[in-house]
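Everything below concerns the one structure shown next.
The values are calculated or read from the model by the stated rules, or taken from the named source; none is laboratory data. What you see is a predicted model, and the numbers here were worked out from it, not measured in a lab. Here Cβ is always computed from backbone atoms with ideal geometry, including for glycine, and neighbour counts include all displayed protein chains. When the accessible area is computed, the model is the full protein with side chains, heavy atoms only, and any ligands, DNA or RNA have been set aside. Shrake-Rupley method; radii C 1.70, N 1.55, O 1.52, S 1.80 Å.
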Amino acid sequence: MTAERFLALIAAYGADARRWPVDERAAAEAFMAAQPEAARAALAEADAVDALLHASATPRVSMALRDRVIASASEAGLKARREGRRWLDRLALALGAGWAVAACAGVIAGVFMTSHFTADAQADAVLYQASLLGVDDTEVLG
Amino acid sequence: MALIADPDEDLVRRVGQGDSAAIQAMVARKLPRMLALAQRMLGDAVEAEDVAQEALLRAWKQAPRWQPGKAKFDTWLHRVGLNLCYDRLRRRREIATDMPPERPDEGAAPDRGLLAADVGRRVDAALARLPERQREAIVLCHYQELTNIEAAALMEVSVEALESLLSRGRRALRLALADMRPDAEGV
């Protein structure tokens, strides 16, 4: 880096190396190390301006402004939704799905068991009918 | 075109989904920046609040359709904030009378101590008296800490032109506040 470019850099961005363009920072720091006398006066001058700039107080955000801005989010169409509530919704959905599965299983089991018990009952009825017929035949045949 | 890494990307996505925690985080992260930008560009606390609020309102509208990778959200928001400031500065010029508002240079006074608030007020007054573009360059680079490339792009000038504005602005401030330098006589 030339002395001319170094001075231009300091004049524009100030004495704080963190504010210098990234692609020139290393070269500028190398220049400072190599020619500290040439850099010193310009750095001191720039540092004084930096200090003055830092004296400007940063405005503070009032609670009223903060609240207005947050309220404006819903006015802008953003639906307020809480992250925690979303997990709650998912849990409720999972529980609901569980109940639905259990209910379906109950219905299927019910249908299966009903047909099973009905078959037994029908078999008993047939045997009972057969026994009745058997009694009748004995009576007829004497 | 290379995708641009954006530290706000995830937050913007969540804001677009209406996540209230993300909305609050966005306010905490960006509202002070917008307020500082507008305050230093306009030099008026009430107008600065209006601009900051309007900038965030536009952010809420933009968030659901934000396309990551094309630009940094912070740069886009600065563009919005700057445009709002330009509008107000233009309106001021249009309604300016033959007697422009006075911005007196308080100057050095022997009975004024070097309280931080005093120094700050004098610096703010000196900033306000800078030509608009010089002030904008200093606000974007020094206070908003944007890179020179981001600031130049926002101001629609080359990096060389930005550096020229910065140098002239800093030199003007140094001259305007010469009496406040530690080596100045009587300070």
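Keeping all protein chains in place and using 1.4 angstrom, which order do A:Arg66, B:Arg135 fall into by accessible surface area, from largest down?
Order by accessible area, largest first: A:Arg66, B:Arg135.
Among the lysines, which have Cα under 20 Å from the Cα of B:Lys72 when same-chain residues fewer than 8 positions away are ignored?
By straight Cα distance, B:Lys72 reaches B:Lys30, B:Lys61.
Among A:Trp99, B:Trp76, what's the order by accessible area (1.4 angstrom probe), most exposed first?
The ordering from most to least exposed comes out as A:Trp99, B:Trp76.
Could you tell me how far the Cα centroid of region A:5-35 sits from the Cα centroid of region B:140-157, in Å?
What the calculation gives is 17 Å, centre to centre.
Taking square-rooted eigenvalues a ≥ b ≥ c of the alpha carbon gyration tensor, is region A:3-55 rounded, prolate or oblate, where a/c under 1.5 means rounded and, failing that, a/b exceeding b/c means prolate?
In terms of gyration-tensor shape, oblate.
Rounded to the nearest 20 debye, what is the charge dipole size of region B:1-102 about its Cα centre when +1 sits on each Lys and Arg Cβ and -1 on each Asp and Glu Cβ?
Roughly 360 debye for region B:1-102.
With labels modelled as points extended 7 Å from the Cα through the Cβ direction, what inter-label distance (nm, one decimal) is found for B:Arg171 paired with A:Ala64?
4.4 nm
Determine by what factor the alpha-carbon radius of gyration of region B:1-99 differs from 2.2 N^0.38 Å, reporting the quotient. Please report the intermediate quantities before stating the final value.
Working: Rg = 15.2 Å, N = 99, 2.2 N^0.38 = 12.6 Å.
Rg over 2.2 N^0.38 Å, computed on Cα atoms: 1.20.
Give, as a single signed number, the net charge of other residues whose beta carbon lies under 13 Å from the beta carbon of B:Leu89, with Lys and Arg counted +1 and Asp and Glu -1. Could the numbers behind the result be given before it?
Numbers: positive: B:Arg40, B:Arg88, B:Arg90, B:Arg91, B:Arg92, B:Arg93, B:Arg133, B:Arg135; negative: B:Asp44, B:Glu47, B:Asp87, B:Glu94, B:Glu132, B:Glu136.
With Lys, Arg at +1 and Asp, Glu at -1, the net is +2.
When Lys and Arg each count +1 and Asp and Glu each count -1, what net charge do the other residues less than 13 Å away from B:Ile4, Cβ to Cβ, add up to?
-3
Would you mind calculating the gained length between A:Glu37 and A:Ser74 on full extension (0.36 nm times residue separation, minus the Cα-Cα distance), in nm to one decimal?
Full-extension gain reported as 7.4 nm.
Which whole number in µm²/s is D for chain B by Stokes-Einstein, with the Kirkwood Rh taken over Cα pairs at 10 °C and 1.306 mPa s?
87 µm²/s
Could you please state how large a percent of the accessible area of region B:1-99 is carbon and sulfur, counting protein chains only and using a 1.4 Å probe? Before the final figure, lay out the partial values.
Working: 2590 of 4880 Å².
Accessible surface attributable to carbon and sulfur in region B:1-99 totals 53 percent.
How much accessible area does B:Cys85 have with a 1.4 Å probe, in Å² rounded to the nearest 10?
It works out to around 0 Å².
Please check: in the Gaussian network model of chain B (C-alpha springs, under 10 Å), which one of B:Glu54, B:Glu145, B:Glu163 has the largest mean-square fluctuation.
Checking each option, the largest mean-square fluctuation is seen for B:Glu145.
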